[in-house]
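Engineer: Below is the structure I would like to discuss, written out as structure tokens.
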Amino acid sequence: RRLLKVFQVKTHVSGPVPNSGLLVSNHLSYVDILALAALAPCQFVAKSEVRQWPVFGWFARLAGTIFVNRRKASQSARAADEISAALRQGALVVLFPEGTSSGGETVLPFKSSLLEPAARQTHALTAGLISYELADGDVSEEVCYWKDMTLVPHLVNLLSKQAIRASVGFTALRQGSTNRKELARQLHSEVLRLKEVFAL
């Protein structure tokens, strides 16, 4: 919450904020992590490179993030076991199944490999959508962190902004599939539905 104040981020929430189970969301920026962590205690799943990021790597390690090296199948299996253990302990686990961030125009297809624990076990499943508004700039270029952007210049520029509005919406998935690929499609559909609602 302190970091959100530093970045001048005001958050608007719609839908019930989950407190346990698996939350899947679209992914636009490192700001997503701050916005979600400020709403509820949670444990993130992130690519292994995040561990070395300035400030955010420290924050991620402190928050007990589950790091995944997606280039190694054995690492994905280990991460799935860690996700499963966290879910059994009643944690709220946050996963960005697009596998990368985007400029926000669309929601990329969801990768299903890390959804296996949720397909195997009965846990609450929540779809989330994050979007941003920026009065003095371009969201896709100045809030979203994607393409070949470099972290420190992006951070410095973001700190110069007058105000950022983050909108976060949640919806519970009533009946998830036991097939992880079908579950990925179900959750992706829910996130797209939220995107349509936000656009109204």
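Engineer: I'd like the residue in segment 34-55 that is touching a residue at least 60 places away in the same chain (Cβ under 8 Å) and within 21 Å of K10 (Cα to Cα) and, out of all such residues, is surrounded by the fewest Cβ atoms within 10 Å (Cβ to Cβ).
Structural biologist: For segment 34-55, the residue satisfying everything is V55.
Engineer: Could you please tell me which pairs satisfy a Cβ distance under 7 Å, a separation of 6+ or placement on different chains, a first residue in segment 142-160 that is within 15 Å of W53 (Cβ to Cβ) and aromatic (F, W, Y), and a second residue that is open to solvent by less than 70 Å² (accessible area, probe 1.4 Å) and not in a loop (DSSP other than H, G, I, E, B)?
Structural biologist: Listed pairs, sorted by first residue: Y145/H154.
Engineer: If you go through segment 146-162 one residue at a time, do you hit one that is modelled with pLDDT of 95 or more, open to solvent by less than 70 Å² (accessible area, probe 1.4 Å), within 17 Å of the chain's Cα centre (by Cα) and of a type outside the set (V, I, T)?
Structural biologist: no
Engineer: One residue is enough: does segment 52-75 have a residue meeting the conditions among the hydrophobic types (A, V, I, L, M, F, W, C) and under 18 Å from H188 (Cβ atoms)?
Structural biologist: no
Engineer: Here's a follow-up. Could you tell me how many of the residues in segment 111-128 are in contact (Cβ under 8 Å) with a residue 40 or more places away in the chain and not in a helix (DSSP H, G or I)?
Structural biologist: 8
Engineer: Let me ask something else. Which condition does K161 not pass, out of (1) over 28 Å from N19 (Cβ atoms); (2) assigned to a helix (DSSP H, G or I); (3) not hydrophobic (A, V, I, L, M, F, W, C), if it passes all the others?
Structural biologist: With respect to (1) over 28 Å from N19 (Cβ atoms); (2) assigned to a helix (DSSP H, G or I); (3) not hydrophobic (A, V, I, L, M, F, W, C), K161 is out only on (2).
Engineer: What residue, among those in segment 163-200 that are more than 27 Å from L134 (Cα to Cα) and touching a helix residue (DSSP H, G or I) at 6+ places or on another chain (Cβ under 7 Å), is surrounded by the fewest Cβ atoms within 10 Å (Cβ to Cβ)?
Structural biologist: Step by step, filter segment 163-200, then rank; the result is T178.
Engineer: Could you please give the count of residues in segment 1-27 that are closer than 22 Å to H188 by Cα and either open to solvent by less than 10 Å² (accessible area, probe 1.4 Å) or in contact with a helix residue (DSSP H, G or I) (Cβ under 6 Å, 6 or more places away or on another chain) (or both)?
Structural biologist: Total meeting the criteria: 6.
This table checks each residue for (1) at pLDDT 95 or above; (2) in a helix (DSSP H, G or I).
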site	(1), (2)
L3	no, yes
H12	yes, no
V17	yes, no
V24	yes, no
E49	no, yes
F59	no, yes
G64	no, no
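Engineer: Out of the residues in segment 90-121 meeting the condition of being modelled with pLDDT under 95 and open to solvent by 70 Å² or more (accessible area, probe 1.4 Å), tell me which one is nearest to S48 (Cα to Cα).
Structural biologist: Applying the filter and picking the extreme gives K111.
The values are calculated or read from the model by the stated rules, or taken from the named source; none is laboratory data. Not measured: the values here are computed from a predicted model. Please note: Cβ atoms are built from the backbone with ideal geometry, for glycine as well, and neighbour counts cover all protein chains shown. Just the protein is used for accessible areas: all its heavy atoms, side chains included, with ligands, DNA and RNA removed. Shrake-Rupley method; radii C 1.70, N 1.55, O 1.52, S 1.80 Å.
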